[in-house]
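Each remark here refers to the structure printed beneath this line.
Bear in mind these aren't lab numbers, they're just calculated from the coordinates by the rules spelled out. What you are looking at is a predicted structure, and each value in this text was computed from that prediction instead of being measured. Every residue, glycine among them, receives a Cβ derived from its backbone with ideal geometry; neighbour counts consider all protein chains shown.
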There are 2 protein chains.
Amino acid sequence: MLDFEYKNPTKIIFGKGKIKNIAKEIPADSKVLLLYGGGSIKNNGIYEQVKEALKDFQFLEFGGIPANPEYEVLLQALKVIKEENITYLLAVGGGSVIDGTKFLSSAALYEGRNPWDILTKSIRTEKGMPFGTVLTIPATGSEMNSGAVITRAETQEKLGMGGPGLFPEFSVLDPQVVSSLPERQLVNGITDAYTHVLEQYMTYPAGAFLQDRFSESIMQTLIEVGPRVIKDPSDYEAASNFMWCCTMALNGLIQKGVPTDWAVHSMGHELTALFGIDHARTLAIVAPSHYRYNFEAKKAKLAQYAERVWDVKEGTLEEKAVIAIQKTEEFFQSMDIKTKLSDYTESYEGTAQTIAKRFTARGWTRLGEHKALAPSDVEKIIEMSY
Amino acid sequence: MLDFEYKNPTKIIFGKGKIKNIAKEIPADSKVLLLYGGGSIKNNGIYEQVKEALKDFQFLEFGGIPANPEYEVLLQALKVIKEENITYLLAVGGGSVIDGTKFLSSAALYEGRNPWDILTKSIRTEKGMPFGTVLTIPATGSEMNSGAVITRAETQEKLGMGGPGLFPEFSVLDPQVVSSLPERQLVNGITDAYTHVLEQYMTYPAGAFLQDRFSESIMQTLIEVGPRVIKDPSDYEAASNFMWCCTMALNGLIQKGVPTDWAVHSMGHELTALFGIDHARTLAIVAPSHYRYNFEAKKAKLAQYAERVWDVKEGTLEEKAVIAIQKTEEFFQSMDIKTKLSDYTESYEGTAQTIAKRFTARGWTRLGEHKALAPSDVEKIIEMSY
């Protein structure tokens, strides 16, 4: 097991009808900015519940934060925060709204001239404006971690940020929200959470037996409840497990003491930036090729995963590892997630070279758990994903 | 899945040689009271490491906190805290020292006249004196939770306390400490952690699939590394997993969203109070009888546990459930933990009646996950444990 530090101070409030509890969590004298996305919360009753909960607070609203939270839109919200002397942020939405709110939490207290520097200069946020969240789409885990990914359309970039100051103070998880989600968001959520686990698990054995089993537990549960959620999103038992899996997949716990990869995300982000493909789907496109390309380095864990998660008991280690990749692809495909770039765009030619060049330009020359993947490897992996 | 709230702000600092990090965690102007037990830390180098880490702080020492932290001894430490204007506590030890420190954290700021009331009146501690821990014996999980159990020899009582103000601010977990532990403490730790999981798992199915798998993960890992740790406590891979299992077994995570039992602990505490039997061993005495007595209520989970943890694939649900109890007993016995009260004392006659009477006197008439066990049931369970 590798050495680690772990601290996660977010308070989770999980269950039916818990949105009203936010009134107890936000300091009474706060001036709140309520942030949300495209307005779906106005159709499923969540907006009304949140407004009712905030009725004794001074608050303003900022709607319209798009999927893949867009820098230019966030700058407008930042203007509101500063002009209106906002002291508390409340994100009501999925990963995009929460990530956007994390950027705002950081930018609101940032003393530099240009908030984009927080992303390009990897500035770690030690202290942000306090914020809470009401999660409406289980997927990214942003509701219980301190990271965010922000997109800038102008430069077709999608960059990460984070720091211990960016944990939500609280997050309300009411699994009933799942019932109003379209199938596309459900399968994206399942795929996103599943791939989050893979990024922290599909590396090499590091003697972290408990963490391995926790990761396997999340994947097993997603395999078990995923089809039930898709079939009937009002199945509370399935929805509640789906929701908690998504949070646990990326709240930091399973990555402690183990090597992590994250190359799939680095490559996937580029496909979203270039083609607008849903984040989760980019992961399903890249992951199988990534594991095939890095087969030797990852085959021991692939085989363990085949045995424990997919119950593959026969065959050599290599045979099990091959089956593991197939099973993963089939799982994505069973949810109607396409696993090739050409399924999403006809203009995929040259993508591998474009991405490799961008990685070179950014100095991203040491990706993966061994910090051994160069842009030339990325080029080959993306080509295998066509 | 049941509704739940979860927040655990303790910072874990895990790995080799991390004791020196405590200097960064304690506020610079603190006046520290260093608390420890019987002095084993003076033989294994931990005391020297802690003193070196505290060299720039004002600090006093209070040693001699016994196993099952004794109220009268703690009152002496409380006097030191008040007379010397201590502002920060540092527990260096196992669960007893950490639990004792939690009592002191609460009592130091308690405004009532009699600190024993914190225990007898179940006073929840919202704010305590800040404290950190250096864990020297993996077992109780106290290093990452907000509960404590305190003993009062005068009245042969062992009572619990807790509250959100009693999480350690930080806990240092260096698995190298395991190498200096005697076998007795190792097997106690494995048994204690294992039974902690059982108390939160061996109830009835509540549709919390992920939590079930996490619990099974901890038990599987303990079964895997336990014998390795006993055979060679300097096996770092095994020791680090053992240590992290103990913490995860009782840091609150696996109990969220599920019913919990804890009747085994309630009964076990009495055996420690009456006979001085090691805490972990009292759990191994009581648990098998408890599961046999409550077989109907628990058989579904017993069978799931048999299948997933002990790989029992044949037989009816009832047959699997019976095997589950046998396997659990055999696991304890394989570590030379005796599982009958008569293995520890010749004067066991009447114990069941004594304990039942004490429970009646305290009004403890609704134990277990169904809150259905009366003192008359307790009497039968203890008799079955003779």
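Brief remarks on what is shown
- Summed residue charge, Cβ within 15 Å of B:V172's Cβ, Lys/Arg positive, Asp/Glu negative: 0
- For segment B:1-96, the fraction of C-alpha pairs more than 24 angstrom apart is 30%.
- Above-threshold pairs, the threshold being 30 Å between Cα atoms, out of A:K55/A:K127; A:K7/A:K51; A:K127/A:K158; A:K320/B:K338; B:K11/B:K357; A:K79/B:K256: A:K7/A:K51; A:K320/B:K338; B:K11/B:K357; A:K79/B:K256
- For segment A:325-386 versus segment B:97-145, the gap between their alpha-carbon centres in whole angstrom: 52
- Cα-based radius of gyration for segment A:11-176, normalised by 2.2 N^0.38 Å, reads 0.95.
- Of all aspartates and glutamates in the structure, those lying under 13 Å Cα to Cα from B:K31, and not within fewer than 8 positions of it along the same chain, are B:D56, B:E61, B:E83, B:E84.
- Cα-only Debye scattering, the protein assembly as shown: base-10 log of I(q)/I(0) at q = 0.09 Å⁻¹: -0.88
- When Rg and the Kirkwood radius Rh are both evaluated on Cα atoms of segment A:64-150, their ratio Rg/Rh stands at 0.92.
- R0 of 60 Å, Cβ-Cβ distance A:K357-B:E319: FRET efficiency to nearest 0.05: 0.40
- The charge dipole of segment A:112-254, taken about the Cα centre with unit charges on the Cβ atoms of Lys, Arg (+1) and Asp, Glu (-1), comes to about 440 debye, rounded to the nearest 20.
- Partners of A:K231 within straight-line reach, counting aspartates and glutamates whose Cα lies under 18 Å from its Cα and excluding those fewer than 8 residues away in the same chain: A:E183, A:E330, A:D336.
- Taking all Cα-Cα distances within chain B, those exceeding 33 Å account for 28%.
- With respect to chain B, whose longest principal axis is taken over its alpha-carbon atoms, helix B:317-334 is tilted by about 40°.
- The label-point distance for B:E224 and B:K16, in a model that sets each label 7 Å from Cα toward Cβ, rounds to 2.2 nm.
- Between copies, B:N44 shows label-point distances of 5.0 nm, shortest first, with the point placed 7 angstrom from Cα along Cα to C-beta.
- For segment B:130-146, backbone phi angles converted through the Karplus equation (6.51, -1.76, 1.60; θ = phi - 60°) give residue-by-residue couplings of x, 8, x, 9, 10, 7, 10, 9, x, 5, 7, x, 4, 5, 9, 9, 10 Hz, Gly and Pro being listed as x.
- Overall form of segment B:181-384 per C-alpha gyration tensor (a/c, 1.5; a/b vs b/c): oblate
- Per the axis that maps chain A onto chain B, nearest residue of A (Cβ criterion) and its distance in Å: A:P9, 2
- Segment B:181-384, dipole about Cα centre (Lys/Arg Cβ +1, Asp/Glu Cβ -1), debye to the nearest 20: 600
- Projecting label points 7 angstrom from Cα along Cα→Cβ for B:E52 and B:T155 puts them 4.5 nm apart.
- log₁₀ of I(q)/I(0) at q = 0.16, 0.22 Å⁻¹ - segment B:316-364, Debye sum with one point per alpha carbon: -0.73, -0.83
- Placing R0 at 45 angstrom, the Cβ-Cβ distance between A:D343 and A:L2 gives a FRET efficiency of 0.75 after rounding to 0.05.
- Near A:E83, once Lys and Arg are set to +1 and Asp and Glu to -1 for all other residues with Cβ below 15 Å from its Cβ, the sum equals +1.
- Under 9 Å, Cβ to Cβ, from A:A321 - net charge with Lys/Arg +1 and Asp/Glu -1: +2
- Sites B:K380 and A:A300 - FRET efficiency at Förster radius 45 Å, r taken between beta-carbons, to 0.05: 0.35
- A DSSP coil position with no more than 12 other Cβ atoms inside 10 Å describes the following trypsin sites (Lys or Arg not before Pro) in segment B:118-197: B:K121, B:K127.
- With contacts taken as Cα pairs under 8 Å and at least 6 residues apart, segment B:280-386 reaches a relative contact order of 30 percent.
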